[in-house]
Amino acid sequence: MEEKKLAIIATKGTLDWAYPPFILASTAAALGYETEIFFTFYGLQLLKKDLDLKVSPLGNPGMPMPMGMDKWFPTILTALPGMEAVMTSMMKKKMADKGVASLEELRELCQEAEVRLIACQMTVDLFDMDTNDFIDGIEYAGAARFFEFAGESDICLYI
Amino acid sequence: MANYDEELDASGLNCPLPILRAKKALAGMESGKVLRIIATDPGSVKDFEAFAKQTGNELLESGEEGGKFVFLIKKV
């Protein structure tokens, strides 16, 4: 059976959206897929050694909130200082309570399973990012490098 | 419940951890050996079916015991 291939582009740098790329990539690897994730723009945050990701209730009417607040809490108040920190710590607690893996753990599992992690060189340059802030074992490359693998992939996801 | 060689308790863990832990446990086992997995994630029922189908490992049993899900997987 020829190995299937999964290519993912990770473009988002918030706590909630950090999960799908790592969950799907680690699972695919466990199922025997050869897997690559290309991190671009805000997705680069997911490669930082120190993952300080946040989730914001602002402009996110689909986000469940405690006490049914998503139904009655005025949207403008979700912009108040401190709301982001409160929602972030609540989300982290909920995930830990429900036995959802931490992002660090999922990312490590991906690396153990030889999921290739590729950082977009253009984004690194654009935002003057320091590559010392990123984890080891990643590759820096451009769009052409992504297509080299994506063009051969069975599944290609943009997250 | 049939015999098994190794056991993995994935109770309290959520998707995709039971699958990832099972994959790891199976990797350290010889072909033909049976792994028993205990999980509490209701999604794991369909997930282990799909895991077996896609990896070729055989799902010998899938059931419930004392409110937990129990699977027997034979390494291919």
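Electrostatic bookkeeping for B:Leu13 treats Lys and Arg as +1 and Asp and Glu as -1; over the other residues with beta carbon under 10 Å from its beta carbon, the sum is 0.
For region A:91-159, chymotrypsin sites (Phe, Trp or Tyr not before Pro) meeting the loop criterion (DSSP other than H, G, I, E, B) and having at most 12 other Cβ atoms within 10 Å: A:Phe127. For region A:20-62, backbone nitrogen atoms closer than 16 Å to the point 7 Å from A:Glu2 Cα along Cα-to-C-beta are found at A:33-35. The lysines whose alpha-carbon is closer than 24 Å to the alpha-carbon of A:Lys49, local same-chain residues fewer than 8 away aside, are A:Lys12, A:Lys92, A:Lys93, A:Lys94.
Stretching A:Asp97 away from A:Phe73 to a fully extended chain increases their span by 6.2 nm, per 0.36 nm per residue minus the current alpha-carbon distance.
Distance between the modelled labels on A:Glu139 and A:Cys156, one decimal in nanometres: 1.6 nm (7 Å Cα→Cβ projection). Spin-label model, B:Lys33/B:Asp5: points 7 Å from Cα along the beta carbon direction are separated by 0.5 nm. Per-residue Karplus couplings for region B:37-51, computed as 6.51 cos²θ - 1.76 cosθ + 1.60 with θ equal to phi - 60°, are listed in order as 10, 10, 9, 10, 6, x, x, 5, 4, 6, 5, 6, 4, 5, 4 Hz, Gly and Pro entered as x.
Each of A:Met90, A:Met67 has some number of other Cβ atoms within 10 Å of its Cβ, and from fewest to most they run A:Met67, A:Met90.
Read-outs throughout are calculated quantities, based only on the coordinates presented, and are distinct from any laboratory measurement. Being a predicted model, the structure only gives us computed values, none of them experimental. In this analysis, Cβ positions are derived from the backbone assuming ideal geometry, glycine residues included, and neighbour counts consider all displayed protein chains.
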